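K.L.:
Right, I'll just put the structure down here and ask away after.
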Amino acid sequence: MTAVSSEYRDRAADLLEILKGSQKEESFFASSFLDAVPLAQFRDLVNQLNTQYGEPLSVSRIIPASNTDGTVEITYTKAVLAMRMVLDSNAPYPVVGLLITGANMKDDNIGKIADEIAALSGLSGFQVADLSGDKPQTIVELNSSEQLAIGSTFKIYVLAELSRSIKAGERQWSDVTPLNRKSLPSGVLQDWPNGTPLTLQTLATMMISISDNSATDILIDVVGRDKVDEMMRRTGHTQPDKTAPMLKTLEMFALKMPSNSDLRQRYIKASETEQKQLLADEQARLGIDSVSIANLANEPVHIDTIEWFASPTDISNLLNHILKTNDPVVLDIIKVNSIIPPGDALRWNYIGGKGGSEPGVISFAFLTKSKSGKTYAISGSWNNSKAPVDNDKFTLIFNRLPNLIASR
């Protein structure tokens, strides 16, 4: 394990004093940080933390990723907050990045979390399921049968179908395909040179770990949309007709554009077979040139109709399929970015995760194996078609669930 550098340890101590109100932010943060997060805004955040979690008391743990990057856990009166802190690599090592990644409440319990999720505006739901048997067994749930927009969490279905096709001998993880289709961010492949050769395993890893949309659309082409729809049904999706045909990311973006309102209305009213034909016939209007990300950046856009949908129960079924299939490559891929803070991940023998978000939508899915040998699916989503959801708030609430389940 990486040792904590003296510079990082000193900055962690300084962070505690900043949170206590030393007002030495200008010597603590790099100017680039304060340009992005003005001092008044940062102090408002500190005051909010104090109101919600009480007084900051001590640095309880430092989990280094490198000499200049890691997680600092700060003990407050009511909770322990995990903060990712990144230093400039040059003396005097000012802080260039600070992000709250988790909050473990003292005397926390699942009931409190369920109440907080239930109180969110819009529609929310979650499920924790034991995967020890053939079928998931619910431990706790809220609106677990509700079909919710899940954003990029749908990409696990694509991964599951790719795994099936490889186990069936139809293709191999080492097969190479060119970068011949590009979408919009998230991801990086949209900026790579056209034709770049990529293995299926590389594409799958980028699709899950950084939610690369271009990788996703290429893989849907490789395995076939019909096969992904079939996998969705095979894994026990309770209302597959709400999502099938599985949209590629670029198609989803394009259907939401104001210029495609007529196309969108035709799509919404069409049968599944008609929707497939429309997608095939209207590719010219569903290309990258038809999409302006500005139209999707700030407010929810048709998240009730043009999206990927699944209930928490559906996600438990999907994760159970991933577990029972026991493809080591898939299990390695989904643990590359487990989403939760590094310190919290240490509570588990294994944790893999995928999330998804857009204005009005946030979703998480975790496959976990506890120190005691138990395996769980933990998933949940929050939707609001009228206003953006607070991603940070939901993340802080939801990340408490795995911490509590880990000790069972």
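K.L.:
Report, by residue number, each residue of region 247-266 that is closer than 22 Å to residue 226 by Cα, surrounded by 20 or more Cβ atoms within 10 Å (Cβ to Cβ) and not small (Gly, Ala, Ser). Spell out how you get there, then give the answer.
P.N.:
Pass one, region 247-266, residues closer than 22 Å to residue 226 by Cα: 247-255, 263-264, 266.
Still in the list and also surrounded by 20 or more Cβ atoms within 10 Å (Cβ to Cβ): 247-255.
Scanning region 247-266 gives 247, 248, 249, 250, 251, 252, 253, 255.
K.L.:
For region 292-307, give me the residue count where each residue is closer than 27 Å to residue 239 by Cβ and either of a type in the set (Lys, Arg) or open to solvent by 10 Å² or more (accessible area, probe 1.4 Å) (or both). Talk me through it step by step, then tell me what you get.
P.N.:
Here is the first cut: in region 292-307, the ones closer than 27 Å to residue 239 by Cβ are 296, 299-307.
Subset that is either of a type in the set (Lys, Arg) or open to solvent by 10 Å² or more (accessible area, probe 1.4 Å) (or both): 296, 299-302, 304-305.
So the answer is 7.
K.L.:
Scanning region 369-401 for residues that are more than 21 Å from residue 351 (Cα to Cα) and open to solvent by less than 40 Å² (accessible area, probe 1.4 Å), which turns out nearest to the chain's Cα centre (by Cα)?
P.N.:
If we take residues in region 369-401 being more than 21 Å from residue 351 (Cα to Cα) and open to solvent by less than 40 Å² (accessible area, probe 1.4 Å), then 382 is nearest to the chain's Cα centre (by Cα).
K.L.:
Okay, next question. So for region 19-36 (the condition being open to solvent by less than 20 Å² (accessible area, probe 1.4 Å), small (Gly, Ala, Ser) and either under 23 Å from residue 76 (Cα atoms) or without any contact (Cβ under 8 Å) to a residue 12 or more places away in the chain (or both)), does at least one residue qualify?
P.N.:
Taking every residue of region 19-36 in turn, none turns out to be open to solvent by less than 20 Å² (accessible area, probe 1.4 Å), small (Gly, Ala, Ser) and either under 23 Å from residue 76 (Cα atoms) or without any contact (Cβ under 8 Å) to a residue 12 or more places away in the chain (or both).
K.L.:
Test residue 195 against the stated conditions and say whether it is of a type in the set (Gly, Ala, Ser), open to solvent by 30 Å² or more (accessible area, probe 1.4 Å) and over 23 Å from the mean Cα position of the chain (by Cα). Walk me through how you get there before you give the answer.
P.N.:
Numbers: of a type in the set (Gly, Ala, Ser): yes; open to solvent by 30 Å² or more (accessible area, probe 1.4 Å): yes; over 23 Å from the mean Cα position of the chain (by Cα): yes.
Spelling it out, residue 195 is indeed of a type in the set (Gly, Ala, Ser), open to solvent by 30 Å² or more (accessible area, probe 1.4 Å) and over 23 Å from the mean Cα position of the chain (by Cα).
K.L.:
Just for helices (runs of 4 or more DSSP H) wholly inside region 1-86: which have at least 2 residues that are hydrophobic (A, V, I, L, M, F, W, C) and within 20 Å of residue 341 (Cβ to Cβ)?
P.N.:
6-20, 39-53
K.L.:
Scan 289, 221, 229 and give me the residue that is under 30 Å from residue 177 (Cα atoms), part of a helix (DSSP H, G or I) and open to solvent by less than 40 Å² (accessible area, probe 1.4 Å). Step through it out loud before you land on a result.
P.N.:
Numbers: 289 fails: open to solvent by less than 40 Å² (accessible area, probe 1.4 Å); 221 fails: open to solvent by less than 40 Å² (accessible area, probe 1.4 Å).
None of the others qualify; the one that does is 229.
K.L.:
Please specify each residue of region 177-233 satisfying the condition of being farther than 26 Å from residue 364 by Cα, free of Cβ contacts under 8 Å to residues at least 24 places away in the same chain and not hydroxyl-bearing (Ser, Thr, Tyr).
P.N.:
178, 191, 192, 193, 194, 195, 197, 198
The values are calculated or read from the model by the stated rules, or taken from the named source; none is laboratory data. Given the structure is predicted, the values throughout are model-derived calculations rather than measurements. Virtual Cβ from ideal backbone geometry, glycine too; neighbours counted across all protein chains shown. Ligands, DNA and RNA are excluded from the accessible area calculation, which covers all protein heavy atoms including side chains. Shrake-Rupley method; radii C 1.70, N 1.55, O 1.52, S 1.80 Å.
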